[in-house]
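Undergrad: Here it is: the structure, laid out below.
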Amino acid sequence: QPVQIRDPSGTFTLTEADLLMDQLMPEVNFTLSEDQVELLPATDNSSAGGFLLDLLTGFWDALNVITFGLLDFLVGLGIDLYDAIAGLFSSESAPGTFNFAFPIELDGFGLARDLIVSEMLGFEATLAGVKIDPNGLTALLDASFMPTNLDPDIPEIPGVAESAAAPPMPPIDTAEGFFGISDDAVNAILASLTAQGTFKGVCSSPTPVADFLPDQCCELKGPDCCTMGGAACDGIEVPVCEALKAPSCDALTDPVQIFFCAGLAAKNITGQTPVLLCGRQEIPPVLLVRDDVDPAGNPVATPDRIETHLRLNDTRVFAILDRMTDGTASGFGTLASCLDQNADATQDCRILETCLDLNVLNTLALDLTLGDPALVVDVEQIQNLPRDPGIVCEGELPFLFIPDVIDRALESESLADITVRIQLMTPVLQPEGFDLLGVGRLTSPRLKGIRTTEATPGFDDYLGLLGAFELAP
(Lines give C-alpha, C1' and ligand atoms only; values in the text may rest on other atoms or scores of the structure.)
Protein backbone atom coordinates (compact mmCIF):
# COMPACT_ATOMS: atom_id res chain seq x y z
CA GLN A 1 0.00 0.00 0.00
CA PRO A 2 1.47 3.40 -0.93
CA VAL A 3 2.72 5.54 1.91
CA GLN A 4 3.03 9.33 2.07
CA ILE A 5 5.42 10.83 4.61
CA ARG A 6 4.94 14.42 5.67
CA ASP A 7 7.74 16.74 6.76
CA PRO A 8 10.55 14.22 7.17
CA SER A 9 13.57 15.55 9.04
CA GLY A 10 16.80 14.13 10.28
CA THR A 11 20.11 14.93 11.87
CA PHE A 12 23.71 13.90 11.39
CA THR A 13 26.76 14.76 13.43
CA LEU A 14 30.21 15.38 12.01
CA THR A 15 33.29 15.31 14.19
CA GLU A 16 36.81 16.49 13.45
CA ALA A 17 37.85 12.84 13.16
CA ASP A 18 35.14 12.20 10.55
CA LEU A 19 36.42 14.99 8.35
CA LEU A 20 40.01 13.76 8.52
CA MET A 21 39.16 10.25 7.29
CA ASP A 22 39.72 9.31 3.66
CA GLN A 23 36.25 7.82 3.44
CA LEU A 24 33.82 9.92 5.46
CA MET A 25 30.91 7.76 6.58
CA PRO A 26 28.83 9.37 9.32
CA GLU A 27 25.17 8.39 9.68
CA VAL A 28 22.03 10.37 9.04
CA ASN A 29 19.31 9.48 11.56
CA PHE A 30 15.60 9.94 10.88
CA THR A 31 12.70 9.64 13.32
CA LEU A 32 9.16 9.63 11.96
CA SER A 33 6.10 9.69 14.20
CA GLU A 34 2.84 7.99 13.30
CA ASP A 35 1.11 11.24 12.48
CA GLN A 36 3.71 11.91 9.77
CA VAL A 37 2.95 8.65 7.95
CA GLU A 38 -0.28 8.35 5.94
CA LEU A 39 -1.50 5.21 4.16
CA LEU A 40 -2.83 6.14 0.74
CA PRO A 41 -5.63 4.24 -1.07
CA ALA A 42 -4.56 0.75 -1.97
CA THR A 43 -3.54 -0.22 -5.47
CA ASP A 44 -3.69 -3.59 -7.11
CA ASN A 45 -0.40 -4.99 -5.82
CA SER A 46 -0.58 -8.62 -4.83
CA SER A 47 3.08 -9.25 -4.18
CA ALA A 48 5.51 -8.16 -1.53
CA GLY A 49 7.67 -6.67 -4.26
CA GLY A 50 4.83 -4.45 -5.39
CA PHE A 51 4.17 -3.39 -1.80
CA LEU A 52 7.81 -2.38 -1.28
CA LEU A 53 7.91 -0.56 -4.61
CA ASP A 54 4.84 1.48 -3.71
CA LEU A 55 6.30 2.22 -0.30
CA LEU A 56 9.53 3.49 -1.82
CA THR A 57 7.73 5.39 -4.56
CA GLY A 58 5.46 7.01 -2.02
CA PHE A 59 8.39 8.09 0.09
CA TRP A 60 10.22 9.42 -2.97
CA ASP A 61 7.16 11.35 -4.14
CA ALA A 62 6.63 12.73 -0.66
CA LEU A 63 10.16 14.08 -0.60
CA ASN A 64 9.73 15.60 -4.03
CA VAL A 65 6.42 17.23 -3.23
CA ILE A 66 6.79 18.21 0.39
CA THR A 67 10.47 18.78 1.06
CA PHE A 68 12.19 19.36 -2.25
CA GLY A 69 15.00 21.25 -0.53
CA LEU A 70 15.72 18.32 1.75
CA LEU A 71 15.76 15.99 -1.23
CA ASP A 72 18.43 18.14 -2.91
CA PHE A 73 20.42 18.07 0.30
CA LEU A 74 20.21 14.29 0.69
CA VAL A 75 21.00 13.59 -2.95
CA GLY A 76 23.90 16.03 -2.73
CA LEU A 77 25.30 13.91 0.09
CA GLY A 78 25.10 10.82 -2.08
CA ILE A 79 22.35 9.09 -0.09
CA ASP A 80 20.66 6.08 -1.69
CA LEU A 81 17.05 6.67 -0.64
CA TYR A 82 15.88 3.20 -1.64
CA ASP A 83 18.43 1.59 0.69
CA ALA A 84 17.41 4.07 3.36
CA ILE A 85 13.74 3.14 3.23
CA ALA A 86 14.60 -0.53 3.20
CA GLY A 87 16.19 0.11 6.57
CA LEU A 88 12.78 0.93 8.00
CA PHE A 89 11.81 -2.72 8.03
CA SER A 90 14.84 -3.80 10.06
CA SER A 91 14.98 -0.90 12.51
CA GLU A 92 13.99 -1.18 16.14
CA SER A 93 11.53 1.61 16.77
CA ALA A 94 9.85 2.88 19.87
CA PRO A 95 6.06 2.54 19.92
CA GLY A 96 4.50 5.05 17.60
CA THR A 97 7.71 5.89 15.70
CA PHE A 98 9.89 4.58 12.89
CA ASN A 99 13.62 5.01 13.45
CA PHE A 100 16.21 4.37 10.78
CA ALA A 101 19.78 5.36 9.98
CA PHE A 102 21.98 4.95 6.94
CA PRO A 103 25.59 5.89 6.07
CA ILE A 104 26.59 8.61 3.64
CA GLU A 105 29.83 9.32 1.86
CA LEU A 106 31.00 12.94 1.96
CA ASP A 107 33.46 14.92 -0.11
CA GLY A 108 36.03 16.71 2.03
CA PHE A 109 38.01 19.91 1.84
CA GLY A 110 40.93 20.50 -0.49
CA LEU A 111 42.31 22.30 -3.53
CA ALA A 112 41.21 21.57 -7.06
CA ARG A 113 44.13 20.08 -8.99
CA ASP A 114 45.94 22.37 -11.38
CA LEU A 115 46.76 19.90 -14.15
CA ILE A 116 49.92 21.65 -15.42
CA VAL A 117 51.55 22.07 -12.01
CA SER A 118 50.35 18.65 -10.85
CA GLU A 119 51.98 17.03 -13.87
CA MET A 120 55.27 18.95 -13.54
CA LEU A 121 55.70 18.83 -9.76
CA GLY A 122 53.32 16.14 -8.56
CA PHE A 123 51.45 18.91 -6.72
CA GLU A 124 48.89 17.62 -4.26
CA ALA A 125 47.03 19.23 -1.37
CA THR A 126 45.76 17.08 1.49
CA LEU A 127 43.64 17.78 4.53
CA ALA A 128 46.00 18.06 7.51
CA GLY A 129 43.76 19.24 10.32
CA VAL A 130 40.23 20.27 11.22
CA LYS A 131 39.08 22.36 14.13
CA ILE A 132 35.42 22.73 15.09
CA ASP A 133 34.45 25.20 17.81
CA PRO A 134 31.61 27.63 18.50
CA ASN A 135 33.20 30.14 16.10
CA GLY A 136 32.96 27.77 13.15
CA LEU A 137 35.00 25.20 11.27
CA THR A 138 38.64 25.58 10.21
CA ALA A 139 40.40 23.17 7.87
CA LEU A 140 44.19 23.18 7.35
CA LEU A 141 45.68 21.92 4.07
CA ASP A 142 49.21 20.67 3.47
CA ALA A 143 50.62 20.85 -0.07
CA SER A 144 53.39 18.58 -1.30
CA PHE A 145 55.41 18.94 -4.50
CA MET A 146 58.96 18.63 -5.76
CA PRO A 147 60.92 19.10 -9.00
CA THR A 148 60.79 15.90 -11.01
CA ASN A 149 63.34 16.77 -13.69
CA LEU A 150 66.13 19.12 -12.61
CA ASP A 151 67.65 21.25 -15.38
CA PRO A 152 71.44 20.81 -15.44
CA ASP A 153 71.87 24.40 -16.69
CA ILE A 154 70.26 25.83 -13.53
CA PRO A 155 72.57 26.15 -10.49
CA GLU A 156 71.51 24.37 -7.33
CA ILE A 157 68.84 26.35 -5.48
CA PRO A 158 69.17 26.48 -1.68
CA GLY A 159 66.12 25.61 0.39
CA VAL A 160 63.42 28.27 0.37
CA ALA A 161 60.98 26.70 2.82
CA GLU A 162 59.61 28.98 5.51
CA SER A 163 57.04 28.44 8.23
CA ALA A 164 54.14 30.68 7.28
CA ALA A 165 52.65 32.87 9.97
CA ALA A 166 49.19 31.75 11.04
CA PRO A 167 46.52 33.97 9.45
CA PRO A 168 44.16 35.88 11.75
CA MET A 169 40.83 34.11 12.13
CA PRO A 170 38.55 35.47 10.93
CA PRO A 171 40.71 37.83 8.90
CA ILE A 172 37.86 40.32 8.48
CA ASP A 173 34.87 40.52 10.81
CA THR A 174 32.28 40.33 8.04
CA ALA A 175 33.83 37.29 6.38
CA GLU A 176 31.87 34.13 7.09
CA GLY A 177 33.95 32.03 4.70
CA PHE A 178 37.68 32.42 4.17
CA PHE A 179 40.32 30.62 2.11
CA GLY A 180 43.89 31.79 2.60
CA ILE A 181 47.18 30.70 1.07
CA SER A 182 50.57 31.98 2.20
CA ASP A 183 52.83 33.79 -0.24
CA ASP A 184 55.58 31.44 1.02
CA ALA A 185 53.70 28.48 -0.46
CA VAL A 186 53.45 30.14 -3.87
CA ASN A 187 57.14 31.09 -3.76
CA ALA A 188 58.12 27.51 -2.97
CA ILE A 189 56.20 26.38 -6.07
CA LEU A 190 57.99 29.00 -8.18
CA ALA A 191 61.36 27.82 -6.81
CA SER A 192 60.60 24.23 -7.83
CA LEU A 193 59.59 25.34 -11.31
CA THR A 194 62.80 27.38 -11.59
CA ALA A 195 64.90 24.31 -10.75
CA GLN A 196 63.27 22.52 -13.67
CA GLY A 197 64.29 25.28 -16.07
CA THR A 198 60.72 26.48 -16.57
CA PHE A 199 61.80 30.13 -16.68
CA LYS A 200 64.82 29.80 -18.97
CA GLY A 201 63.01 31.57 -21.76
CA VAL A 202 63.61 31.39 -25.48
CA CYS A 203 65.90 33.49 -27.65
CA SER A 204 64.48 36.34 -29.68
CA SER A 205 64.21 36.23 -33.45
CA PRO A 206 67.53 36.94 -35.23
CA THR A 207 68.23 40.64 -35.87
CA PRO A 208 71.24 41.79 -37.96
CA VAL A 209 73.95 43.67 -36.08
CA ALA A 210 73.48 46.67 -38.39
CA ASP A 211 69.90 47.09 -37.16
CA PHE A 212 71.24 47.96 -33.70
CA LEU A 213 73.43 50.76 -35.00
CA PRO A 214 72.43 54.44 -35.20
CA ASP A 215 71.90 56.21 -38.49
CA GLN A 216 75.10 58.19 -37.86
CA CYS A 217 77.89 56.38 -36.05
CA CYS A 218 79.04 59.67 -34.50
CA GLU A 219 75.92 59.52 -32.31
CA LEU A 220 77.63 56.79 -30.29
CA LYS A 221 80.07 59.39 -28.91
CA GLY A 222 77.54 62.13 -28.30
CA PRO A 223 76.48 65.31 -30.11
CA ASP A 224 79.96 66.90 -29.98
CA CYS A 225 81.36 64.13 -32.13
CA CYS A 226 78.74 64.76 -34.81
CA THR A 227 79.19 68.56 -34.80
CA MET A 228 82.88 69.04 -33.99
CA GLY A 229 84.65 65.76 -34.81
CA GLY A 230 88.28 65.47 -33.84
CA ALA A 231 89.08 64.51 -30.22
CA ALA A 232 85.35 64.25 -29.44
CA CYS A 233 85.29 61.11 -31.59
CA ASP A 234 88.30 59.38 -30.02
CA GLY A 235 87.84 55.70 -29.27
CA ILE A 236 86.98 52.58 -31.24
CA GLU A 237 83.20 52.98 -31.20
CA VAL A 238 82.84 55.12 -34.34
CA PRO A 239 85.29 53.19 -36.60
CA VAL A 240 83.86 49.83 -35.48
CA CYS A 241 80.36 51.09 -36.20
CA GLU A 242 81.38 52.35 -39.67
CA ALA A 243 83.10 49.02 -40.37
CA LEU A 244 79.94 47.10 -39.53
CA LYS A 245 77.65 49.40 -41.49
CA ALA A 246 79.74 49.16 -44.66
CA PRO A 247 78.46 46.71 -47.31
CA SER A 248 82.04 45.40 -47.58
CA CYS A 249 85.53 46.30 -46.46
CA ASP A 250 86.36 47.34 -50.03
CA ALA A 251 83.80 50.14 -49.75
CA LEU A 252 85.78 51.81 -46.94
CA THR A 253 88.57 54.38 -47.40
CA ASP A 254 89.52 55.24 -43.82
CA PRO A 255 92.49 53.04 -42.80
CA VAL A 256 91.28 52.63 -39.20
CA GLN A 257 87.85 51.54 -40.36
CA ILE A 258 89.42 49.15 -42.88
CA PHE A 259 91.57 47.66 -40.10
CA PHE A 260 88.55 46.96 -37.87
CA CYS A 261 86.48 45.68 -40.78
CA ALA A 262 89.15 43.14 -41.71
CA GLY A 263 89.60 42.05 -38.10
CA LEU A 264 85.89 41.56 -37.60
CA ALA A 265 85.52 39.71 -40.91
CA ALA A 266 88.26 37.32 -39.80
CA LYS A 267 86.11 36.57 -36.76
CA ASN A 268 83.11 35.97 -39.06
CA ILE A 269 81.38 39.14 -37.83
CA THR A 270 79.72 41.57 -40.24
CA GLY A 271 76.81 43.98 -40.13
CA GLN A 272 74.56 41.15 -41.34
CA THR A 273 75.56 38.68 -38.63
CA PRO A 274 72.37 37.81 -36.72
CA VAL A 275 72.08 38.79 -33.05
CA LEU A 276 69.98 36.72 -30.64
CA LEU A 277 68.83 38.17 -27.32
CA CYS A 278 68.40 35.35 -24.81
CA GLY A 279 67.16 35.45 -21.22
CA ARG A 280 67.33 33.07 -18.31
CA GLN A 281 65.95 33.18 -14.78
CA GLU A 282 68.12 31.06 -12.49
CA ILE A 283 67.10 32.62 -9.17
CA PRO A 284 63.52 31.79 -8.13
CA PRO A 285 61.05 34.64 -8.58
CA VAL A 286 59.60 36.08 -5.37
CA LEU A 287 55.92 36.94 -5.08
CA LEU A 288 55.15 40.06 -3.05
CA VAL A 289 51.53 40.83 -2.17
CA ARG A 290 50.55 44.49 -2.04
CA ASP A 291 46.78 44.51 -2.28
CA ASP A 292 44.72 47.61 -3.06
CA VAL A 293 47.79 49.61 -4.12
CA ASP A 294 48.26 50.51 -7.80
CA PRO A 295 51.67 50.54 -9.58
CA ALA A 296 52.09 54.25 -8.76
CA GLY A 297 51.59 53.57 -5.04
CA ASN A 298 48.08 55.01 -4.86
CA PRO A 299 45.37 53.29 -2.80
CA VAL A 300 42.66 51.57 -4.85
CA ALA A 301 39.66 49.37 -4.04
CA THR A 302 39.71 46.17 -6.10
CA PRO A 303 37.64 43.40 -4.48
CA ASP A 304 37.88 41.29 -7.65
CA ARG A 305 41.69 41.12 -7.64
CA ILE A 306 44.80 41.19 -5.47
CA GLU A 307 47.68 43.37 -6.68
CA THR A 308 51.01 41.57 -6.52
CA HIS A 309 54.61 42.06 -7.64
CA LEU A 310 56.88 39.31 -8.90
CA ARG A 311 60.52 40.21 -8.35
CA LEU A 312 63.03 38.68 -10.75
CA ASN A 313 66.53 39.14 -9.38
CA ASP A 314 69.59 38.76 -11.61
CA THR A 315 67.69 37.88 -14.76
CA ARG A 316 70.55 37.01 -17.08
CA VAL A 317 70.47 38.56 -20.54
CA PHE A 318 72.82 37.43 -23.30
CA ALA A 319 73.47 38.93 -26.71
CA ILE A 320 74.61 36.05 -28.91
CA LEU A 321 76.13 36.40 -32.37
CA ASP A 322 74.55 33.64 -34.42
CA ARG A 323 77.60 32.91 -36.56
CA MET A 324 76.13 29.50 -37.40
CA THR A 325 73.08 31.35 -38.80
CA ASP A 326 70.69 28.64 -37.62
CA GLY A 327 68.50 31.02 -35.60
CA THR A 328 69.10 29.16 -32.33
CA ALA A 329 71.55 29.12 -29.44
CA SER A 330 72.11 26.62 -26.69
CA GLY A 331 74.31 26.62 -23.64
CA PHE A 332 74.68 30.36 -24.11
CA GLY A 333 75.89 30.77 -20.54
CA THR A 334 79.06 28.88 -21.48
CA LEU A 335 79.61 30.22 -25.00
CA ALA A 336 83.02 31.74 -25.76
CA SER A 337 83.41 35.49 -25.90
CA CYS A 338 83.26 36.97 -29.39
CA LEU A 339 86.46 38.82 -28.45
CA ASP A 340 88.31 35.58 -27.65
CA GLN A 341 91.13 35.32 -30.19
CA ASN A 342 91.36 31.55 -29.70
CA ALA A 343 87.63 30.82 -30.15
CA ASP A 344 86.32 28.98 -33.21
CA ALA A 345 85.03 31.71 -35.56
CA THR A 346 82.43 29.35 -37.06
CA GLN A 347 80.60 28.84 -33.76
CA ASP A 348 78.14 31.11 -31.99
CA CYS A 349 79.71 33.48 -29.49
CA ARG A 350 78.64 35.68 -26.61
CA ILE A 351 79.07 39.38 -27.23
CA LEU A 352 77.32 40.59 -24.07
CA GLU A 353 76.22 39.23 -20.73
CA THR A 354 74.50 41.42 -18.21
CA CYS A 355 71.87 41.21 -15.50
CA LEU A 356 68.54 42.87 -14.94
CA ASP A 357 66.48 43.25 -11.80
CA LEU A 358 62.88 43.14 -12.95
CA ASN A 359 59.57 43.84 -11.29
CA VAL A 360 56.66 42.05 -12.96
CA LEU A 361 53.39 43.74 -12.10
CA ASN A 362 50.60 41.20 -11.97
CA THR A 363 47.35 40.48 -10.24
CA LEU A 364 45.55 37.45 -8.91
CA ALA A 365 42.07 37.87 -10.34
CA LEU A 366 38.82 36.34 -9.13
CA ASP A 367 37.56 33.80 -11.67
CA LEU A 368 33.96 32.63 -11.32
CA THR A 369 33.82 30.66 -14.58
CA LEU A 370 35.37 27.50 -13.10
CA GLY A 371 32.41 26.60 -10.87
CA ASP A 372 33.82 27.38 -7.46
CA PRO A 373 35.63 30.74 -7.03
CA ALA A 374 39.32 30.59 -8.03
CA LEU A 375 42.39 32.85 -8.07
CA VAL A 376 44.10 33.12 -11.48
CA VAL A 377 47.33 35.03 -12.18
CA ASP A 378 47.33 37.79 -14.80
CA VAL A 379 50.71 39.32 -15.80
CA GLU A 380 50.41 43.01 -16.72
CA GLN A 381 53.75 44.84 -17.08
CA ILE A 382 57.56 44.44 -16.75
CA GLN A 383 59.58 47.16 -15.04
CA ASN A 384 63.37 47.41 -15.06
CA LEU A 385 64.51 48.31 -11.54
CA PRO A 386 67.53 50.59 -10.98
CA ARG A 387 70.76 48.66 -10.51
CA ASP A 388 74.11 49.91 -9.26
CA PRO A 389 76.60 50.47 -12.12
CA GLY A 390 79.04 47.65 -12.68
CA ILE A 391 76.97 44.98 -10.95
CA VAL A 392 76.57 41.98 -13.24
CA CYS A 393 76.00 38.27 -12.83
CA GLU A 394 79.30 36.82 -13.99
CA GLY A 395 81.08 39.66 -15.74
CA GLU A 396 80.21 41.80 -18.75
CA LEU A 397 81.71 41.85 -22.19
CA PRO A 398 81.86 45.25 -23.91
CA PHE A 399 79.35 45.68 -26.67
CA LEU A 400 79.94 49.37 -27.21
CA PHE A 401 78.08 49.69 -30.46
CA ILE A 402 74.69 48.52 -29.07
CA PRO A 403 73.75 51.34 -26.69
CA ASP A 404 70.08 50.37 -26.39
CA VAL A 405 70.61 46.65 -25.79
CA ILE A 406 68.88 46.78 -22.39
CA ASP A 407 65.81 48.49 -23.83
CA ARG A 408 65.73 45.96 -26.62
CA ALA A 409 66.10 43.12 -24.15
CA LEU A 410 63.12 44.40 -22.14
CA GLU A 411 61.03 44.35 -25.30
CA SER A 412 62.41 41.06 -26.59
CA GLU A 413 60.57 37.81 -27.12
CA SER A 414 62.88 36.18 -24.59
CA LEU A 415 61.64 38.18 -21.57
CA ALA A 416 58.10 38.11 -22.92
CA ASP A 417 58.37 34.32 -22.97
CA ILE A 418 59.50 34.26 -19.34
CA THR A 419 56.45 36.28 -18.28
CA VAL A 420 54.15 34.03 -20.33
CA ARG A 421 55.63 31.00 -18.55
CA ILE A 422 55.08 32.67 -15.20
CA GLN A 423 51.44 33.25 -16.06
CA LEU A 424 50.99 29.75 -17.43
CA MET A 425 52.80 27.89 -14.66
CA THR A 426 51.59 29.77 -11.58
CA PRO A 427 48.89 27.37 -10.33
CA VAL A 428 45.20 28.22 -10.34
CA LEU A 429 44.16 28.32 -6.68
CA GLN A 430 40.64 26.92 -6.29
CA PRO A 431 39.51 25.67 -2.87
CA GLU A 432 37.01 22.83 -2.52
CA GLY A 433 34.57 22.30 0.33
CA PHE A 434 33.10 25.80 0.69
CA ASP A 435 29.63 24.26 0.36
CA LEU A 436 30.25 22.58 3.74
CA LEU A 437 29.09 19.22 2.44
CA GLY A 438 26.05 20.63 0.69
CA VAL A 439 24.77 22.65 3.62
CA GLY A 440 25.20 25.97 1.79
CA ARG A 441 27.41 28.01 -0.47
CA LEU A 442 29.85 30.91 -0.44
CA THR A 443 28.24 34.11 -1.74
CA SER A 444 29.54 37.57 -2.66
CA PRO A 445 33.14 36.29 -3.04
CA ARG A 446 35.91 38.88 -2.96
CA LEU A 447 39.70 38.89 -2.77
CA LYS A 448 41.83 40.50 -0.11
CA GLY A 449 45.48 40.54 0.85
CA ILE A 450 45.77 39.53 4.51
CA ARG A 451 48.59 40.93 6.64
CA THR A 452 49.97 39.30 9.77
CA THR A 453 52.42 40.66 12.30
CA GLU A 454 55.22 38.76 10.51
CA ALA A 455 54.62 40.31 7.08
CA THR A 456 57.34 42.24 5.25
CA PRO A 457 56.69 45.94 6.00
CA GLY A 458 54.34 47.38 3.40
CA PHE A 459 53.26 44.00 2.06
CA ASP A 460 50.67 41.33 2.85
CA ASP A 461 51.61 37.72 3.37
CA TYR A 462 48.36 35.86 2.64
CA LEU A 463 46.16 35.74 -0.43
CA GLY A 464 42.60 35.66 0.83
CA LEU A 465 39.30 34.61 -0.77
CA LEU A 466 36.45 35.79 1.42
CA GLY A 467 32.67 35.78 1.29
CA ALA A 468 29.38 35.36 3.06
CA PHE A 469 27.83 31.96 3.69
CA GLU A 470 24.30 31.19 2.65
CA LEU A 471 22.38 28.10 3.72
CA ALA A 472 20.97 25.94 0.96
CA PRO A 473 17.23 26.55 0.39
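Undergrad: If you rank S337, S330, S414, S205 by how much accessible surface each has, with a 1.4 Å probe, what is the order from largest down?
TA: Values: S337 25, S330 95, S414 0, S205 55 Å².
The ranking, largest first, comes out as S330, S205, S337, S414.
Undergrad: Just to verify a number: what accessible area does E16 come out at with the full protein assembly present, 1.4 Å probe, Å² rounded to tens?
TA: Its heavy atoms expose roughly 70 Å² to the probe.
Undergrad: Further question on the same structure: Under a 1.4 angstrom probe, counting protein chains only, how are R323, R441, R387 ranked by accessible area, largest first? Walk me through the intermediate numbers first.
TA: Working: R323 20, R441 130, R387 60 Å².
Putting R323, R441, R387 in descending order of accessible area: R441, R387, R323.
Undergrad: What shape does region 229-373 take by its C-alpha gyration tensor, where a ≥ b ≥ c are the square roots of the eigenvalues and a/c under 1.5 counts as rounded, a/b above b/c as prolate, and the rest as oblate? It would help to have the intermediate numbers written out before the result.
TA: Values: a/c = 3.50, a/b = 2.39, b/c = 1.46.
Prolate, because a/c is 1.5 or more and a/b exceeds b/c.
Undergrad: Another question about this same structure. D435 to T253: extension gain in nm, 0.36 nm per residue of separation minus the Cα-Cα distance? Intermediate results must be reported in sequence, preceding the final value.
TA: Working: separation 182, 0.36 × 182 = 65.52 nm, distance 8.16 nm.
Contour length minus the Cα-Cα distance gives 57.4 nm.
Undergrad: Which value in nm describes the separation of the simple spin-label points at D344 and A455, placed 7 Å from the Cα toward the beta carbon?
TA: Distance between the two pseudo-spin positions: 5.5 nm.
Undergrad: Another one. Is region 207-266 rounded, prolate or oblate when judged by the Cα gyration tensor, a ≥ b ≥ c being the square roots of its eigenvalues, rounded requiring a/c under 1.5 and prolate requiring a/b larger than b/c? Each step should come with its number before you reach the end.
TA: Details: a/c = 2.22, a/b = 1.40, b/c = 1.58.
Oblate, since a/c reaches 1.5 and b/c is not below a/b.
Undergrad: While we're on this one: Within the accessible area of region 211-367, what % is carbon and sulfur when the probe is 1.4 Å and the other protein chains stay in place? List each step's numbers first, then the result.
TA: Numbers: 3690 of 6920 Å².
Ligands and nucleic acids excluded, carbon and sulfur give 53 percent.
Undergrad: Next up: Between I132 and S144, what is the label-to-label distance in nm when each label sits 7 Å out along the Cα-to-Cβ direction?
TA: So the label points at I132 and S144 sit 2.6 nm apart.
Undergrad: Grab the beta carbon distance between S330 and A472, set R0 = 45 Å, and tell me the FRET efficiency rounded to 0.05.
TA: Here the calculated transfer efficiency is 0.20.
Undergrad: While we're looking at this one, here's another question. In terms of solvent-accessible area of protein heavy atoms at a 1.4 angstrom probe, what is the ranking of K245, K131, highest value first? Mind dumping the intermediate values first?
TA: Working: K245 80, K131 120 Å².
The ordering from most to least exposed comes out as K131, K245.
The values are calculated or read from the model by the stated rules, or taken from the named source; none is laboratory data. Computed from a prediction, not measured in an experiment: that's the story for all the values here. Because the Cβ atoms are built from the backbone with ideal geometry, glycine has one as well, and the counts that use them run over all protein chains shown. In case anyone asks, the SASA skips ligands and DNA or RNA and just uses the protein heavy atoms, side chains included. Shrake-Rupley method; radii C 1.70, N 1.55, O 1.52, S 1.80 Å.
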